[in-house]
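Enquirer: Quick one: this structure, given as structure tokens, is what I'll be asking you about.
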Amino acid sequence: MTLAIPRIQPADLVGALGMVPTPSTPGADHWSCQNSVDLDQTALMARMVVDGGVRILLTNGSLGEGASLLLHEQQDFTRCIADTIRGKGLLFAGVTTLNTRESIARAQAVLAAGADGLFLGRPMWMSLDPAAIIRYYADLAEALPGVPFILYDNQFAFKAKIDTPTYAALSRNPSVIGSKHIGGPAIGDDLVAVEGRMRILPLDTQWSALARRFPEEAVACWSGNAADGPEPLVALHRAIATRDWPRADAISARMAWAQAPMFPGGKLENFIDYNIPIAHARIEGSGLVKSGPPRPPYTIAPEGHLEGGRETGRRWESLRREFAG
């Protein structure tokens, strides 16, 4: 079977890709809330991020609370962002669910609402082995011809990392144009294995190191801090694009300093357990977007974790001023 070639290609993924939250209304933390998305704050956030220079947005992963949104809320949120950034940026909407058919149904809904592509993790009720991962993305490519996918690879969320041979196989699916990679020692091997057929996206603080090794291929990253202010990310992109490695390394170090408090005990796995409430606290600390309360059941975290999130937001706000202009 020949699969359709998407309009958006790996070469279009350049610069920082911003993972953005889903701003919520004041009562969003109660189970009875039926319309939890603050669309005014959503439009303000999307405009600020894209006008600030981060022109590719990824929504409704873990940070974006894709697992705790009702379908009509996700459609409204997607439509609001798509309308706000139309002609200025690209939107990849997250549609990770617990099964293939529901992911396809969600995908059709967000594409009808204006998404340019999909941010697409795999079902996580049980771990999928390599053959099942390849089949899953092949099924979605068949069901959604010509739609570009950015994968979501996180061993904490999905119970296993996508291994290097599976990356090589996935890169032969023309719908798969990129992967949000969690990093680690395999990232270079994964980048080599895909042979330019998809974009391997490192975390913002790891981008400079990867770009030094692969300056022609590592031309984009992902960041969860875009809604805290795009200025540091734009400065990092500029340094990497001009191969000013000392400056890129210095900016990366400053960003790592800003992000450190949101990792309790310095461990990523501790952050993963409370990702959503910590992120809401961080956005509160940075002060640009009113993120509102997190949605149930992911509403509770130790106060120390929340204060770490707020401190990261405050530090990022200082970086905004440092790198403005």
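Enquirer: Loop-only check: which trypsin sites (Lys or Arg not before Pro) in the range 251-299 are DSSP coil with at most 12 other Cβ within 10 angstrom? Before the final figure, lay out the partial values.
Expert: Numbers: sites: 254, 267, 282, 290; in loops: 267, 290.
Passing sites in the range 251-299 are 267.
Enquirer: Identify, among 223, 241, 193, the residue whose Cα sits farthest towards the positive end of the charge dipole of the chain, taking +1 on the Cβ of Lys and Arg and -1 on the Cβ of Asp and Glu, with the dipole about the Cα centre.
Expert: 241
Enquirer: List the trypsin sites (Lys or Arg not before Pro) within the range 215-252 that fall in a DSSP loop (any state other than H, G, I, E or B) and whose Cβ has at most 14 other Cβ atoms within 10 Å.
Expert: Working: sites: 238, 243, 247; in loops: 243.
Those satisfying the criteria are 243.
Enquirer: Please list 3J(HN,Hα) in residue order for the range 195-212, calculated via the Karplus relation 6.51 cos²θ - 1.76 cosθ + 1.60 where θ = phi - 60°; whole Hz, with x for glycine and proline.
Expert: 6, x, 7, 8, 9, 8, 10, x, 5, 3, 6, 9, 5, 4, 4, 5, 5, 4
Enquirer: Ok, one more. Report, in debye and to the nearest 20, how large the dipole of the range 12-260 comes out about its Cα centre when Lys and Arg carry +1 and Asp and Glu carry -1 on their Cβ.
Expert: On the way: 21 positive and 26 negative charges, 82 e Å.
Using Cβ point charges on Lys, Arg, Asp and Glu, the range 12-260 gives about 400 debye.
Enquirer: Sticking with this one: So which lysines can residue 267 reach, going by Cα to Cα under 19 Å and dropping same-chain residues fewer than 8 places off?
Expert: List returned: 159, 161.
Enquirer: Moving on. Can you give me the relative contact order of the chain as a percent, contacts being Cα pairs under 8 Å and 6 or more apart? Don't skip to the answer; put the middle values down first.
Expert: Details: 660 pairs, mean separation 67.1, N = 325.
The normalised contact order for the chain reaches 21 percent.
Enquirer: Looking at the range 139-219, which GluC sites (Glu not before Pro) are in a loop (DSSP not H, G, I, E or B) and have at most 12 other Cβ atoms within 10 Å? Write down the numbers at each step before the final one.
Expert: On the way: sites: 142, 195, 216, 217; in loops: 195, 216, 217.
Within the range 139-219, the qualifying GluC sites (Glu not before Pro) (loop, at most 12 other Cβ atoms within 10 Å) are 195, 216.
Enquirer: Suppose we flag chymotrypsin sites (Phe, Trp or Tyr not before Pro) only when DSSP calls them loop and at most 14 other Cβ atoms lie within 10 Å. Which is the longest uninterrupted stretch of the chain? Let's see the in-between values first.
Expert: Numbers: sites that count: 31, 125.
The answer is 126-325.
Enquirer: Name the long-range amide H neighbours of residue 37: under 5 Å, sequence gap of 5 or more, or other chain; modelled H, no Pro or chain starts.
Expert: Those qualifying (amide H under 5 Å, at least 5 residues apart or on another chain) are 25.
Throughout, read-outs are computed from the coordinates displayed, never taken from laboratory work. Please read these numbers as outputs of a predicted model, since none were measured by experiment. We place every Cβ from the backbone using ideal geometry, glycine too, and count neighbours over all the protein chains shown.
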